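The values are calculated or read from the model by the stated rules, or taken from the named source; none is laboratory data. Just so we're clear, the structure is a prediction, and the values are computed from it rather than from any experiment. Because the Cβ atoms are built from the backbone with ideal geometry, glycine has one as well, and the counts that use them run over all protein chains shown. What goes into the accessible areas is simple: the full protein's heavy atoms, side chains included, and nothing from ligands, DNA or RNA. Shrake-Rupley method; radii C 1.70, N 1.55, O 1.52, S 1.80 Å.
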Amino acid sequence: MNKDDDRHDLILDRPDGFFVHDAQGRFLDINEQSSIDLGYSREELLAMTINDISIGATPAENAVKWGNAEPGMAMTFR
């Protein structure tokens, strides 16, 4: 098993919703719990961004938040 497999297993095995996104907030990977929590299919979520599911913050506020985050840092968006 390689490092990417280990990382992917970590995402899939999380008991809570888990998202991996790029610098623009586009979802690159999610786990099943994310779909359950939000009521979207995996395919639907992978076509979305954080801004599509975030309530209570503007796209500019979200961009600042993840722009200041270090890679691998866990964050909560509302």
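Within the bounds of the range 65-73, is there any residue that is open to solvent by 50 Å² or more (accessible area, probe 1.4 Å) and not in a loop (DSSP other than H, G, I, E, B)?
Yes - at least one qualifying residue is present in the range 65-73.
So, in the range 11-32, how many residues would count as being touching a helix residue (DSSP H, G or I) at 6+ places or on another chain (Cβ under 9 Å), open to solvent by 50 Å² or more (accessible area, probe 1.4 Å), not in a strand (DSSP E or B) and not small (Gly, Ala, Ser)?
Total meeting the criteria: 7.
Here are 29, 37, 16: which of them is within 9 Å of the chain's Cα centre (by Cα), under 21 Å from residue 62 (Cα atoms) and among the acidic types (Asp, Glu)? Spell out how you get there, then give the answer.
Details: 37 fails: within 9 Å of the chain's Cα centre (by Cα); 16 fails: within 9 Å of the chain's Cα centre (by Cα).
Every option except 29 fails the conditions.
Tell me which residues, restricted to the range 50-63, are under 15 Å from residue 17 (Cβ atoms) and surrounded by 14 or more Cβ atoms within 10 Å (Cβ to Cβ). I'd like the intermediate steps shown before the answer.
Here is the first cut: in the range 50-63, the residues under 15 Å from residue 17 (Cβ atoms) are 50, 52-55.
Those that are under 15 Å from residue 17 (Cβ atoms) and surrounded by 14 or more Cβ atoms within 10 Å (Cβ to Cβ): 50, 52, 53, 54.
When you go through 5, 37 one by one, which is the residue that is open to solvent by 50 Å² or more (accessible area, probe 1.4 Å), among the charged types (D, E, K, R) and modelled with pLDDT of 90 or more? Walk me through how you get there before you give the answer.
On the way: 5 fails: modelled with pLDDT of 90 or more.
Criteria check complete, one pass: 37.
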